[in-house]
Amino acid sequence: RFKMPFISNGTTILNNGAFEASLGNLVFLSEQTGTNTSSINFSNPFSSTYLIYYFQIIYLRSVNGQNVRVNFSTDSGSSWTTKTTAPFSLQTAEPGGEAPGTRGPQYSSGYDQANSTGDAILGTINKGGLDTGSDSRFSGDLYLFEPTSTTYHKQFMGRGNSYAEYPGSTDCYYNGYVHDSSAINYVRFLSYAGTGTNIDGHIKLYGIKG
């Protein structure tokens, strides 16, 4: 196999197939794995080193097929921040499956938050929920902007794909902002059904420089 170094601005950042950890300003920080657990949590994961944090959500699934959600705290999980969100989705069914209705973009009015401490929904499905089969999962990403700021409200946004119960594919867009100028120090991922409904999956956290 042919290999050659990749050089940017006079600096070799790829040589013999090895990348630097900060290639593209994306720096791996930590990973949390849940196996039939009540929630997947990140405690004190942020610092002022990075302005943007990126959560990579890999095969997250509620064990009873419910959608998954996220929330943020400024006091280590004792209470949850007030948020306003505006999620929407696109969806289609497998051939022979139940028709999902309109296939264009649909605002997910049942999953939004308006100045509420409720969780932000990631699997924004307009009809039904996640498939209950053991092979169904939700995967996606979530960006959180300047969570350590003590001046500004915090924006977040992301996109994911869920395997719906039709069965079918749902392209999920979730976004919003946190009504709090305090620093965020705790993030919790859990089932849409809430506490008492366990989840499985992996979530990786990266910092983005610049």
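The amide H of TYR192, built 1.01 Å from its N in the peptide plane, has ASN67, VAL68, ARG69 as neighbours under 5 Å, considering only residues 5 or more places off or on other chains.
Length gained on full extension, SER79 to ALA114, computed as 0.36 nm times the residue gap minus the Cα-Cα distance: 10.9 nm. What the phi angles of the range 106-114 give under the Karplus curve with 6.51, -1.76 and 1.60, with θ = phi - 60°, is a coupling list of 10, 6, 8, 5, x, 10, 7, 10, 10 Hz, glycine and proline written as x.
In the range 122-191, what is the volume of the convex hull around the alpha carbon atoms, normalised per residue and reported in Å³?
Details: hull volume 6.3 nm³, N = 70.
Cα convex hull per residue, to the nearest whole number: 90 Å³.
For the range 42-96, build the convex hull from the C-alpha positions and give me its volume per residue in Å³. Show your work: numbers first, answer last.
On the way: hull volume 9.6 nm³, N = 55.
Per residue, the Cα convex hull of the range 42-96 comes to 174 Å³.
Every read-out reported here was derived from the displayed coordinates using simple, explicitly stated rules and does not represent laboratory data. Worth saying up front: this structure is predicted, and the values here are computed from it rather than measured.
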